[in-house]
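Written below as structure tokens is the structure these notes are about.
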Amino acid sequence: MTESFDGDWLDLREPFDAAARDGGLAAALARALPQRPRILDLGAGTGSLLRWLGHYVGRAQAWTLVDADAGLIERAFATVADRAEAVGWPATWPGRRTLLVHAPHGAWRVEGLVADLREAPENLPLHQVDAVVNTALCDLVSEAWVERMAAACAAHRLPFYAALNVTGRERFSPPHPADALVARGFARDQRRDKGFGGLALGARAPAAIAAAFEARGYEVLRAPSDWLIPRRAARMAAALADGHAGAAMRHERPGARRIARWMLDRAAQAREARLSVRVGHADLLALPPGKAGTRQG
Ligand SMILES: C[S@@+](CC[C@H](N)C(=O)[O-])C[C@H]1O[C@@H](n2cnc3c(N)ncnc32)[C@H](O)[C@@H]1O
């Protein structure tokens, strides 16, 4: 079974993701791409990476959104079209499964691919793209999966961009006596096997991606991309606390009452706009030899 993700949660986190991702790495990726790049977005969800990275690419571009959840891909198409039209960029449908966003500096072509990434890279059209990208995906996958992906990218000399990988450093403020218990349970949940051929990487994702691509001669750039959730963002803070508590509960049964208390206290703090959260993330950009900072026509 694949892990399922709620579209409303992905929408809620989108502005925080956008504020957190590192623009320098995005610009470096854009420079390394050809004139009209074809970009493969793994675990694309509702398309939040396209809506952010597309502006850095800033020219005609073609995206293939890959996800196991056909409903999320449909929602991605609707959201991309709505947001484009909201800023005055017409969206047209040249085919039933193709969306064209007529951006001022060149059209963005968007297609979807429903595929199970547990079977990747064999089921991906790597020979037809110029880069493989993803956001909030690689902490779900296993080390073996990253190794296979790195080998496949290297065979096609493709850049690999992975944004928002958790680093395991989280801080809920103000402090609470059960913080360490919740953090330990949450970290254990992040290593749970998510079906990608071994334990999920969790906070080991940045190191594993860097090692796999550096071993194949890639230059790996890394930048922090922490979520900074201010007290006024009560819904996001409450959702994070809820998610942490639920995950911790699965692994810390003897501490269940303390975790439940933590959850109630955090929910009350969020309602009163007294809860802020910092969640450590890192962005990575792996560029094949000779691609750093170039643009090929
Ligand atoms: C944390 S969400 C991130 C979504 C999106 N990239 C974003 O940041 O909004 C992970 C995404 O990976 C997808 N996913 C999880 N396991 C998958 C699998 N085995 N095959 C394909 N997609 C998968 C989920 O459906 C979900 O959209």
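Every number here is computed from the coordinates shown, using simple stated rules; none is lab data. The structure presented is a predicted model; accordingly, all values stated were derived computationally and were not measured. Neighbour counts run over all protein chains shown; Cβ positions are idealised from the backbone, glycine included.
Taking the range 100-139 as the search range and keeping residues that are under 19 Å from A163 (Cα atoms) and in a loop (DSSP other than H, G, I, E, B), which one is farthest from the ligand (Cβ to nearest atom)?
D130
If you check A19 against the conditions, is it touching a Lys or Arg at 6+ places or on another chain (Cβ under 6 Å) and either away from the ligand (no atom under 11 Å from the Cβ) or among the β-branched types (V, I, T) (or both)?
For A19, the condition - touching a Lys or Arg at 6+ places or on another chain (Cβ under 6 Å) and either away from the ligand (no atom under 11 Å from the Cβ) or among the β-branched types (V, I, T) (or both) - is not met.
Give all pairs with beta carbons closer than 9 Å in which a residue from the range 1-19 that is of a type in the set (K, R) meets a residue that is within 6 Å of the ligand (Cβ to nearest atom) and outside any helix (DSSP H, G or I); count only pairs at least 6 apart in sequence or on separate chains.
From the range 1-19, the pairs are R13/A136.
Of the numbered conditions (1) surrounded by 15 or more Cβ atoms within 10 Å (Cβ to Cβ); (2) charged (D, E, K, R); (3) more than 18 Å from the chain's Cα centre (by Cα); (4) farther than 28 Å from R157 by Cβ, E85 fails exactly one; give the number of that condition.
Exception for E85: condition (1).
Tell me whether the range 24-42 contains one or more residues that are closer than 10 Å to T135 by Cβ and either in contact with a Phe, Trp or Tyr (Cβ under 6 Å, 6 or more places away or on another chain) or in contact (Cβ under 8 Å) with a residue 12 or more places away in the chain (or both).
yes
Consider the range 228-251. How many of its residues are buried (at least 19 other Cβ atoms within 10 Å of the Cβ) and not in a helix (DSSP H, G or I)?
Qualifying residue count for the region: 2.
Considering the range 140-158 alone, what residues qualify as being under 25 Å from G71 (Cβ atoms) and outside any helix (DSSP H, G or I)?
L140, V141
Being more than 12 Å from the ligand (Cβ to nearest atom), in contact with a strand residue (DSSP E or B) (Cβ under 8 Å, 6 or more places away or on another chain) and part of a helix (DSSP H, G or I) is the filter here, so list the residues in the range 27-73 that pass it.
A28, L29, A32, G54, V57
If only one of R118, R96, R75 is among the charged types (D, E, K, R) and without any contact (Cβ under 8 Å) to a residue 60 or more places away in the chain, which one is it?
R96
Within the range 189-227, which residues are out of contact with any Gly (no Cβ under 9 Å at 6 or more places or on another chain), assigned to a helix (DSSP H, G or I) and charged (D, E, K, R)?
E214
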